Amino acid sequence: LKSLLGGILLVAGFAAAPFFTARNDMLNLGVQIFLAIALAQSWNLLGGYAGQINLGHAAFFGLGALVTRILWVGGIPLFVALGAGAVVATAFGVLIGGPAFRLRGAYFAIGTLALAEILRITVGNLMPEVSTIPTAALASYSLVPRYYLGLALATVSVAVVAIVIRSRVGLGIQAVREDEAAAEASGVGALRHKLLALALSTALVGLTGGAFAYYHVSYYPQHVFSPAWTFDAVLISFIGGVGSLHGPVLGALFYVILKEVLALRLVELHLLIFGVLFILVVLFLPGGLVEAWGRARRLIVRSS
Amino acid sequence: VILTQQLILGLLVGGLYGLAAAGLSLTFGVLRILNVSHGELLMLGGYGAFWLFTLWRVDPFLALLGIGPAMFFLGLLLYWALFQFVVRAHEELRIKNSLLIGFGLTLVLHTLAIHLWTADERAVTTAYAGAAIRVGTLAIPLVRLTSLVLAFAILIALQLFLAKARWGRAIRATAEDWEAAALMGIPVGKTYLLAFALGTALAGIAGGLVSVSYSISPSIGLEWTLKALIVVVLAGLGSLFGCFAGGILLGLAEATSVVFLGGPYREVIGLVLFLIILVVRPQGLFGGRG
């Protein structure tokens, strides 16, 4: 309950922020943080709670972005376009889920990675032209609606994961992660639960891709399928604390802000730092920042 | 004629795919870890050959004699610093963690390479780079042919080492069943170390050959990791000649797709093949056990 209250306060704070500052760079930073939260939280549902390392997350992000962009630029109302993007991403997820979940552990990871690369290369070949918001729409482009859409999306993704993991289904999902055979023996259908986690995860990231398509003025269609999106999701989840609700939020804040600070000095340097940090987390601190925070607090409580 | 020419080129590049895959297969088969930074290690080897040639005019084929041991040493270092922590875990966690560590290492090496050497594409261009054997209208680039032969020779040497040498047999025993190997008095930790370092050296040598016949840049890592993975899956685990055959098969498949589907889909065919085999026949085309 305490964390629910904290969450509401945080959302309220972010919602009020545009009334105090109209600076575009602050709003941009906000949108990036929100997209990062949604991206990582959606990955976390499948990767953290269901224990399935999906290295093809970019495929679903890309599909959401692609469909939303085409429909929205074509004149379809934004929310319909976003919904369509999410539906396509989810449909694709469920479609490949059956065969993909026949693969275990590392094979699932590299299988999804291969899938995302196939999509990326194919989209790059079919749509080599850069995609830009039409000039008419560009004239009325404003960051504020993007900011609120991002905030809503981040809130929804955290809320969805929070509700799911406390539900019966969510417990089943986590049981499958811990021990698939034991879960099956207790009447928890492993495939069904993994598919459900995948469907929710892809729906959320499809929406995130759609929000990106609505936010970003011009990019190559191939770009939204880039493995970098998967890498971001994995890095943020793990550094924040994989398999926890706060982890991706904390990780996203840390990741985006540090990236901004470092970008002023050297481009791409942030990846070096996050790469090292990521390795350290995997080796020595499997709970990420959330665990570090918990340990620090216990230490303080004990010593006082 | 175009098809034949493409098939020849495919055959030639296939040897390198096989060599790249052999290193990955070795670490995967013996340590039961999946090192997804294999392509980045290959990239490092490529830069080694490139700089040795650019700065000191060292012949790239000769440079392999230096790159091999240097990468072997780097492998020792990486195992000692990172992967020795991973192999302590039980099977499933081991593979998952190695995947994640490799992924982190990928980011680090990739970013480091961009900083040190810029993102430009580089290639070693020797005086004899253009030489080719001509058969009618077909051309067989000499450098690539040499690479293929070298790759094959290295795999034979490795196979001999694994079959005959004391440490080679220790590696095979550990791959078969590490607990039984440990009970027989084989120092499993050292065997792991050796196998990982050998895998790294193989990646480095493959990279050196890539820089001579093709080109390298900091971002080739993922592509080569995927190629090596495709070949390992094609070949099945634990078979070096399977790797070589799988590599050539992939090269030929790519070449065929270039002719019939066009160049842009060259990368797709291998990945599609990969997915089909993963789902239909997880033990690989040449592998026996699952």
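For this structure, a couple of remarks:
- Of the residues making up the range B:11-28, just one is open to solvent by less than 10 Å² (accessible area, probe 1.4 Å) and at pLDDT below 85, namely B:L12.
- Residues (open to solvent by 10 Å² or more (accessible area, probe 1.4 Å) and assigned to a helix (DSSP H, G or I)) located in the range B:234-257: B:L240, B:F241, B:F244, B:A245, B:I248, B:L249, B:L252, B:A253, B:T256
- Answer from B:R172, B:R144 - the residue that is basic (K, R) and within 21 Å of B:Q5 (Cβ to Cβ): B:R144
- Being among the hydrophobic types (A, V, I, L, M, F, W, C), free of Cβ contacts under 8 Å to residues at least 40 places away in the same chain and either in a helix (DSSP H, G or I) or open to solvent by less than 20 Å² (accessible area, probe 1.4 Å) (or both) is a property that does not hold for A:A197.
- Contact map, the range A:118-131: first residue more than 7 Å from chain B (Cβ to nearest Cβ) and within 17 Å of A:A58 (Cα to Cα), second residue open to solvent by 60 Å² or more (accessible area, probe 1.4 Å) and of a type in the set (D, E, K, R), Cβ cut-off under 6 Å, separation 6 or more or different chains; the map is empty.
- Residue check for B:L78: within 19 Å of the chain's Cα centre (by Cα) and modelled with pLDDT of 85 or more: yes
- Residue ID - farthest from the other protein chains (Cβ to nearest Cβ), chosen from residues in the range A:252-304 that are among the hydroxyl-bearing types (S, T, Y) and over 24 Å from A:Q41 (Cα atoms): A:S304
- Checking A:V80, A:V87, A:V67, A:V73 one by one, the residue that is of a type outside the set (G, A, S) and within 13 Å of A:A211 (Cβ to Cβ) is A:V67 and no other.
- Selection status of A:L10, closer than 27 Å to A:V224 by Cα and either modelled with pLDDT under 90 or open to solvent by 10 Å² or more (accessible area, probe 1.4 Å) (or both): no
- From A:T90, A:T155, residue being out of contact with any Asp or Glu (no Cβ under 8 Å at 6 or more places or on another chain), open to solvent by less than 40 Å² (accessible area, probe 1.4 Å), modelled with pLDDT of 90 or more and of a type in the set (V, I, T): A:T90
- Taking residues in the range A:14-28 that are over 15 Å from A:I257 (Cβ atoms), and partners anywhere that are loosely packed, with under 14 Cβ neighbours inside 10 Å, the pairs with Cβ atoms closer than 9 Å and at least 6 places apart or on different chains are A:P18/A:V144; A:A22/A:V144.
- Residue in the range B:82-89 that is touching a residue at least 60 places away in the same chain (Cβ under 8 Å), within 14 Å of chain A (Cβ to nearest Cβ), in a helix (DSSP H, G or I) and not charged (D, E, K, R) present: yes
- Considering (1) surrounded by 12 or more Cβ atoms within 10 Å (Cβ to Cβ); (2) over 20 Å from the mean Cα position of the chain (by Cα), the lone condition that B:G168 does not fulfil carries the number (2).
- Residues in the range B:58-79 that are open to solvent by 30 Å² or more (accessible area, probe 1.4 Å), farther than 16 Å from B:V30 by Cα and in a helix (DSSP H, G or I): B:F61, B:L62, B:L65, B:G66, B:P69, B:A70, B:F72, B:F73, B:L74, B:L77.
- Of all the listed residues (B:L55, B:L42, B:L34), the sole one being modelled with pLDDT of 85 or more, open to solvent by 10 Å² or more (accessible area, probe 1.4 Å) and on the phi < 0 side of the Ramachandran plot is B:L55.
- Test: residue in the range B:204-217 that is surrounded by fewer than 20 Cβ atoms within 10 Å (Cβ to Cβ), within 28 Å of B:L65 (Cβ to Cβ) and not hydroxyl-bearing (S, T, Y): no
- Qualifying positions in the range B:90-114 - exposed (fewer than 15 other Cβ atoms within 10 Å of the Cβ) and in a helix (DSSP H, G or I): B:E91, B:E92, B:L93
- Unmet requirement for A:I37, which otherwise passes all of (1) over 15 Å from A:F231 (Cα atoms); (2) away from chain B (no Cβ under 14 Å); (3) of a type in the set (V, I, T): (1)
- Boolean, A:V160 is at pLDDT below 85 and either away from chain B (no Cβ under 14 Å) or open to solvent by 30 Å² or more (accessible area, probe 1.4 Å) (or both): no
- Among residues of the range A:97-113, those that are among the aliphatic types (A, V, I, L, M), within 7 Å of another protein chain (Cβ to nearest Cβ) and in a helix (DSSP H, G or I), counted: 3
- Residue within the range B:219-226 that is within 14 Å of chain A (Cβ to nearest Cβ), within 25 Å of B:L65 (Cβ to Cβ) and among the small types (G, A, S) present: yes
- Residue match in the range B:121-138 (condition: assigned to a helix (DSSP H, G or I) and under 23 Å from B:G18 (Cβ atoms)): no
The values are calculated or read from the model by the stated rules, or taken from the named source; none is laboratory data. These numbers were taken from a predicted model, which means no experiment stands behind them. Note that each Cβ is placed from the backbone with ideal geometry, even for glycine, and that neighbours are counted across all protein chains shown. In case anyone asks, the SASA skips ligands and DNA or RNA and just uses the protein heavy atoms, side chains included. Shrake-Rupley method; radii C 1.70, N 1.55, O 1.52, S 1.80 Å.
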